[in-house]
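Heads up: the structure comes next, in structure tokens.
The values are calculated or read from the model by the stated rules, or taken from the named source; none is laboratory data. Computed from a prediction, not measured in an experiment: that's the story for all the values here. Glycine gets a Cβ as well: all are built from the backbone with ideal geometry, and neighbour counts include every protein chain shown. Side chains included, ligands, DNA and RNA excluded: accessible areas come from the protein's heavy atoms. Shrake-Rupley method; radii C 1.70, N 1.55, O 1.52, S 1.80 Å.
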Amino acid sequence: MELNVLVLPGDGIGAEVTAQAVRVLNRVADKYKHTLNLTEGLLGGVAIHKTGQPLPEETERLALAADATLMGAVGLPEFDNAPPDKRPEKGLLGIRKALGVFANLRPVRAHPSLLDSSPLKNHLVQGTDMIIVRELTGGIYYGTPRGISGDGLETRAVNTMTYTRAEIERVTRMAFHLARGRRRKVTSVDKSNVLENSQLWRKVVVETAVEFPDIELDHILVDNCAMQLILNPRRFDIVLTENMFGDILSDEGAVLAGSIGMLPSASIGGRRASGAWTGLYEPVHGSAPDIAGQNKANPLGAIGSVAAMLEYSFGLKEEAAEVNRAVEAVLESGRVTADLKPTGTPATTSQTGEAVCEAIV
Ligand code: IPM
Ligand code: MG
């Protein structure tokens, strides 16, 4: 099979972790005799430095031409006070929108060998296995009006949380389809006791669920969800939620997985001009400028994102399983980075990537 993949390393540790993810992708392509065509593009702070734009037109063009895109991370402290359109994050939001990847899948699993890496008690964390399905191209991240106006005490900032029925329906269907391959339970998260937006969300989820009578559905308010994630994470199978709630809850989920460096993600549902599906694959973690360039960052979230790409964009289930198995083997072997190994000598980013490649035999 021919795999046309665009790589967008982005900022900070993005370059280091994607280098290892690409290494694993090459290893898998080699083993299973796939032809891998890699191109590289600019996104985020590096793109602003080189082109003045966080999402250069060329990057958008390359992404729309590729079968799938692998992204590292975006964000640099030097842009903290930059206007919204000149921030690295704007590039990421732009490419998600351009590709139309409305469903962001963030699996959260407590690996048996990482139970001690979580600050939470083992008996709480053990057995956690959920996917947070985060709506990715709507809600408050994109709603208008938005902006800051006025001055002095009358300075006012506005953001708008907006969803249409169509946007809610399509991500709901995606979540329910996923549930069919798992424990058949969807928990929809909202704030319907306060927000009209969430009232529509809940209504549309309930109405769409009728198409899936074999799947159990329940609802939970986002504040309670934040608590239940820690108190009783095993109660969750598929967690379906809107964009900003999903952003927040998935960082919380990282605590269950032992380290945010572990979490992969797949953003799917986008279509190219040809009608073909496309996907954007990125670890959940950020650019971690404090450890960038030190060969310390955990590449397993990025490597897990490669597994997700193989599965969702290319339908290569066996190859995806092989990568996940290799990651599991590396976790057990202890050749892991400092975030997972508070004592003893940690592996470097590249040693961990190498270990994963070696486990693919
Ligand atoms: C994430 C990140 C991004 C988001 C930022 C970098 C724009 O936090 O993917 O979780 O908020 O979506
Ligand atoms: Mg986030």
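Just the accessible area per residue of the range 124-174, please: how many Å² with a 1.4 Å probe?
Numbers: 2610 Å² over 51 residues.
That works out to 51 Å² for each residue.
Hey, any idea what % of the chain's accessible area is carbon plus sulfur with a 1.4 Å probe? Intermediate values should be presented prior to the final figure.
On the way: 8270 of 15340 Å².
Roughly 54 percent of what the probe reaches on the chain is carbon or sulfur.
Provide the per-residue ³J(HN,Hα) series for the range 38-50, in order, calculated from phi with Karplus coefficients 6.51, -1.76, 1.60 and θ = phi - 60°, each as a whole number of Hz, with x at glycine and proline positions.
9, 10, 10, x, 9, 8, x, x, 4, 5, 4, 4, 8
Take 200, 229 and sort them by solvent-accessible surface of the protein heavy atoms, 1.4 Å probe, largest at the top.
Numbers: 200 55, 229 5 Å².
Largest accessible area first, the list is 200, 229.
Could you give the semi-axes, largest first, of the ellipsoid that matches the range 119-247, computed as the square roots of 5 times the alpha carbon gyration tensor eigenvalues and rounded to whole Å? Show your work: numbers first, answer last.
Numbers: eigenvalues 173, 79, 25 Å².
The three semi-axes for the range 119-247 are 29, 20, 11 Å.
Under the definition of Cα pairs under 8 Å and six or more residues apart, what whole-number percent is the relative contact order of the range 119-247? Please report the intermediate quantities before stating the final value.
Details: 206 pairs, mean separation 51.0, N = 129.
Taking the mean separation of contacting Cα pairs over the length of the range 119-247, I get 40 percent.
Dipole magnitude of the chain about its Cα centre, charges +1 at Lys/Arg Cβ and -1 at Asp/Glu Cβ only, in debye to the nearest 20?
Working: 37 positive and 44 negative charges, 114 e Å.
Charge dipole, the chain, about its Cα centre: 540 debye, nearest 20.
Of all the C-alpha pairs in the chain, what % are more than 33 Å from each other?
Tail fraction, whole percent: 27.
To make sure I understand the rule: partners must be aspartates and glutamates, Cα under 18 Å from the Cα of residue 90, and not fewer than 8 residues away in the same chain. Which ones qualify?
Reachable aspartates and glutamates: 11, 57, 58, 60, 78, 80, 135, 247, 282.
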